[in-house]
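Right, one structure below, let's go through it.
The values are calculated or read from the model by the stated rules, or taken from the named source; none is laboratory data. Here the structure is a predicted model, which means the values were calculated and not measured. Here the Cβ positions follow ideal geometry from the backbone for every residue, glycine too, while neighbour counts run over all protein chains shown. Heads up: the accessible areas ignore ligands, DNA and RNA and are worked out on the full protein's heavy atoms, side chains in. Shrake-Rupley method; radii C 1.70, N 1.55, O 1.52, S 1.80 Å.
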Amino acid sequence: MKNLLKLLSLFFIAQMAAQKYEGLAPTPPMGWNSWNTFEVSINENLVKETADLLVSTGMKDAGYEYIVLDDGWMVKDRRDENGNLIPDPAKFPGGMKALIDYVHSKGLKFGLYNCAGTQTCAGYPGTRGFEYQDARFYADLGIDFLKYDWCNTEGINAKEAYTTMSKALKTAGKPIVFSICEWGDNQPWTWAGPVGNLWRVSGDIYPCFDCEYKHPEGNWSSWGVLKILEMRTDIRKFSGPDHWNDFDMMEVGNGMTATEDKSHFTLWSMMASPLFAGNDLRLATPETLKILTNREIIEINQDPIGIQGFKYQSDGVNDVWVKPLTDNNWAVVFLNRSDKPAKLKFDWNKHIIVDKDFNRTLDLTNDSYALRDLWQHRDDGNTNKKLNVNLAAHDVIAFKLKKLN
Ligand code: GLA
């Protein structure tokens, strides 16, 4: 009896420990987020038009599901007389609830943003001290996703703060994907598995391929694509279904060249990163949309075993990135890091590629694989033929490798 009680209490403790809503993000979440282009200049029409465009451009069909309103959706400096957050009536005259219903009516999901601190990064009311109340507010609105940031949190413990909000969301009773955004400062990959469904691994992205942008005001930087890609080493083993390393919202369509956008999108997919478009869909060119809706690349990102890729080798100019896929298939991406065209030679048959974290081996010395070119959308021979091509500056070639019997 005593043992049974002990077992039962252990069971309940385990239930309490698994505080997040489980299973909401079996593959990396995909959607659109307002911040990269609009910052706090957001409004009802933008959301409606974006929802319509996600449908009409085919992005929804390609997998983009969430519309997330980032910072700036609230009234500044105050809550209402009951302590509730106030969606800004000037930006959302029809009301937030009606807007969310509109997004839902398109078969899409909706997300909001707040911060664990006293104020959000842009100075709107933060959630500190209001965790359970704000969670009930979001549940009543019917949101599906909460991005929870880390500004103005002096003196707070990150694990505790995110755990409290995660429990508050669970208690409020509406399944809401919990997106942790503390920039990797407190190594969330080591503790946030039971707490959130995704967590940022870096500071903010910047629309350049390999730069660091030092903000003139204050002591912080935003980061180009390759900087974020390689900011953290050795954390891929912590990422997987329902607990993703998040490489930040994308900058596809926001000023890099089409080639760089293509590589950015390919690499985010290889990292099994959540894929949030961050561009103005009303101005998106056919080229940008073609990149964002490349289903063969998206399939690599959404592969159900959810293993983050890694850099297998580099000669300083050409990188080789690999990602294990279901059915013992692999994705292999060659990246020209340099800002000049480069020759690329790769003798597949000389390589045994080992993924130590997930215990998988791609033995190209013994096995042959069919090659599928994921940007040309065509079968391209097999691994018995050496690769010998020219790569434009910052370009990639992406293959799916399928084992031949
Ligand atoms: C932080 C986050 C960004 C964005 C802004 C909003 O910088 O990292 O992604 O949410 O705050 O103010």
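Among Lys109, Lys214, Lys97, the largest mean-square fluctuation in a Gaussian network model of the chain (Cα springs under 10 Å) belongs to Lys214. If the elastic network links every pair of Cα atoms under 10 Å, which of Thr163, Thr190, Thr257 fluctuates the most in the Gaussian network model of the chain? Comparing Thr163, Thr190, Thr257 in a Gaussian network model of the chain, the most mobile one is Thr190. Listed by chain and number, the aspartates and glutamates whose alpha-carbon sits under 12 Å from that of Lys106, ignoring those within fewer than 8 places in the same chain, are Glu49, Asp52, Asp61, Glu65. With a Förster radius of 41 Å applied to the beta-carbon distance between Glu217 and Asn366, the computed FRET efficiency rounds to 0.10. The count of lysine pairs in segment 310-403 whose Cα atoms are under 16 Å apart, excluding pairs fewer than 8 places apart on the same chain, comes to 16.
Within a straight-line Cα-Cα reach of under 17 Å, Lys76 can be paired with the following lysines, leaving aside sequence neighbours fewer than 8 residues apart in one chain: Lys91. Electrostatic tally near Phe358: other residues with Cβ closer than 11 Å to its Cβ, Lys and Arg +1, Asp and Glu -1, net +3.
Which angle from 0 to 90°, rounded to the nearest 10, does the C-alpha axis of helix 131-141 make with the longest principal axis of the chain? Compared with the principal axis, the helix lies near 80 degrees.
What FRET efficiency, computed as 1/(1 + (r/R0)^6) with R0 = 35 Å and r the Cβ-Cβ distance, is obtained for Thr118 and Met231, rounded to the nearest 0.05? Can you show the working numbers first?
Details: r = 28 Å, r/R0 = 0.79.
Result of the calculation: an efficiency of 0.80.
Structure remark: mean-square fluctuation, Gaussian network model of the chain, C-alpha springs under 10 Å; the largest value among Glu299, Glu131, Glu160 belongs to Glu160.
With r defined as the distance between the Cβ atoms of Val55 and Lys174 and R0 fixed at 22 Å, what FRET efficiency is calculated, to the nearest 0.05? Numbers along the way, then the final one.
On the way: r = 24 Å, r/R0 = 1.09.
Efficiency, from the Cβ-Cβ distance: 0.35.
Over all other residues within a Cβ to Cβ distance under 11 Å of Ala139, the charged ones net out to 0, with Lys and Arg as +1 and Asp and Glu as -1. With each label point set 7 Å from Cα along the Cα-Cβ vector, what nm distance links Glu154 and Asn84? In this crude spin-label approximation the distance works out to 3.2 nm.
Check each of the GluC sites (Glu not before Pro) in segment 22-109 and keep only those in coil by DSSP with at most 15 other C-beta atoms within 10 angstrom; list them in order.
Values: sites: Glu22, Glu39, Glu44, Glu49, Glu65, Glu81; in loops: Glu22, Glu39, Glu65, Glu81.
Here the GluC sites (Glu not before Pro) that fit, given the DSSP loop and packing criteria, are Glu22, Glu39, Glu81.
Please give the net charge around Asp327, taking every other residue with its beta carbon less than 13 angstrom from that of Asp327, where Lys and Arg add +1 and Asp and Glu add -1. For residues surrounding Asp327, the net value is +2.
With each label point set 7 Å from Cα along the Cα-Cβ vector, what nm distance links Arg282 and Lys106? Modelled inter-label distance: 1.2 nm.
Expressed as a whole percent, the accessible area of segment 263-340 that falls on carbon and sulfur atoms is 50 (1.4 Å probe).
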